[in-house]
Amino acid sequence: MLRLYHWPLDPAGRMVRLVLAEKGEPFEAVPSRPWAPELDIASIAPGAVAPAVVSTHGTSPRFAACGTRAICEHFEEVRPVPALLPDDLSERAEARRLWAWVEAGMEEVTDNLLSERVTQWTHRGRQPDSDRLRRGAHALRGRLTYLNALTETRGNLAGRHLSLADLAAAAHLSAYDYFGDVQWEAVPDLKAWYMRIKSRPSFRPLLADRLEAARPVSYYAELDF
C-alpha cells in the first residue's frame, strides 16, 4: 500500500491520483496543504514537497518519491499495463514533450489564477487581487487555444492514445474548472476531449473533491456539460 501526500486541488497531486487510479494502484490519501505541508514529507529527501508517495509496508528498502515526474515515470515502469506512454517512439517523445509543456506552461496560470482563488478561500475577508486574476486568465486563454488545436487534429494530445500528457492537462484544467475559470465554449474540441477524460473511472474521485465553504461551479461534476 502507498501513502500519497497531496492537496486535493493541486494540479500536480491530481495528476498523480489519475495515474495511480489508471494503473489500479491503491493508496492512502494524506492531505498536505501547500501553506502547511505535512512534516513527514521532509523525511523523503531534502527539499521534498507534495505530491509525494511512500510505501507503508511490504517493500525493502522503502520506496519513496516526490514530484510528478519521479512518481509517474516510476509507475509507468513498474506497472506497464495499461501503458500511459505510447509504444511508438515518436508519439512517446511527443507525449513527454507535451507533458513538460503542460507543467511549465500552466505554472503561470496556477501561480496567479488558481493561487488567487485559493487565497480568497483561505482569507475570506480579503479583497481579490484583480491584476493577478487578469494575468492568470490571459495566460490560460493562450494555453487553451493551443490545446484545442491539438485535440482538433489528433483526438488526444500526443496522438491516438491516452498518455501522461492528457492526464497532466486534465489535472490542471479540472483544478481551474472548480472555480469556473475555463471558458469551454471558446474551445469546443478541447471540451469534447475533456468530456471523454472526465468520464473515465479514474476521474470520479477528483469530481467528488470539495473545499469547505467553497463549492465548485454547478457543472463541475457533470459529464455532459
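A simple count of charges around His57, restricted to other residues whose Cβ falls under 14 Å of its Cβ and scoring Lys, Arg +1 and Asp, Glu -1, yields +1.
Could you list the square roots of 5 times each eigenvalue of the Cα gyration tensor of the stretch 1-93, that is, the equivalent ellipsoid semi-axes, sorted largest first and rounded to whole Å? Write down the numbers at each step before the final one.
Numbers: eigenvalues 107, 46, 29 Å².
Over the Cα atoms of the stretch 1-93, the semi-axes work out to 23, 15, 12 Å.
Can you give the Rg/Rh ratio of the stretch 1-158, where Rg is from the C-alpha atoms and Rh is the Kirkwood radius? Please list the in-between numbers first.
Details: Rg = 17.5 Å, Rh = 17.5 Å.
Here Rg/Rh amounts to 1.01.
When Glu76, Glu152 are compared by accessible area at a 1.4 angstrom probe, the order from most to least is Glu152, Glu76.
Taking only the alpha carbons of the stretch 137-225, we obtain Rg and Dmax values of 12.7, 40 Å in that order. Considering the stretch 89-150, its Cα convex hull presents a mean projected area of 4.6 nm².
Sorted by mean Cβ packing within 10 Å, highest first, what order do the peptides 131-142, 103-114 take? If you can, show how the numbers build up before the last one.
Details: 131-142: 16.0, 103-114: 19.0.
Final packing ranking: 103-114, 131-142.
Which chymotrypsin sites (Phe, Trp or Tyr not before Pro) in the stretch 60-165 pass both tests, a DSSP loop state and at most 16 other beta-carbon atoms within 10 Å? Those satisfying the criteria are Phe63. The accessible-area ordering, largest first, of the residues Met195, Met1 stands as Met1, Met195, per a 1.4 angstrom probe. Other residues whose C-beta falls under 11 angstrom from the C-beta of Glu108 contribute a net charge of +1, scoring Lys and Arg +1 and Asp and Glu -1. Each Cα pair under 8 Å and six or more residues apart adds its sequence gap; the mean of these over the residue count of the chain is a relative contact order of 21 percent. Need the C-alpha centroid separation for the stretch 95-161 versus the stretch 15-63, integer Å. If we compute the Cα centre of each part, the gap is 24 Å.
Once fully extended, how much extra length lies between His123 and Asp87, figured as 0.36 nm per residue of separation less the alpha-carbon to alpha-carbon distance?
Working: separation 36, 0.36 × 36 = 12.96 nm, distance 4.71 nm.
Fully extending the segment from His123 to Asp87 adds 8.3 nm.
Helix-only arithmetic for the chain: the sum of -39500 (n - 2.57) across DSSP H runs with n ≥ 4, divided by the residue total, places the mean residue ellipticity at 222 nm at -14500 deg cm²/dmol.
The values are calculated or read from the model by the stated rules, or taken from the named source; none is laboratory data. These numbers were taken from a predicted model, which means no experiment stands behind them. Virtual Cβ from ideal backbone geometry, glycine too; neighbours counted across all protein chains shown. Accessible surface areas use protein heavy atoms only, side chains included; no ligands, DNA or RNA. Shrake-Rupley method; radii C 1.70, N 1.55, O 1.52, S 1.80 Å.
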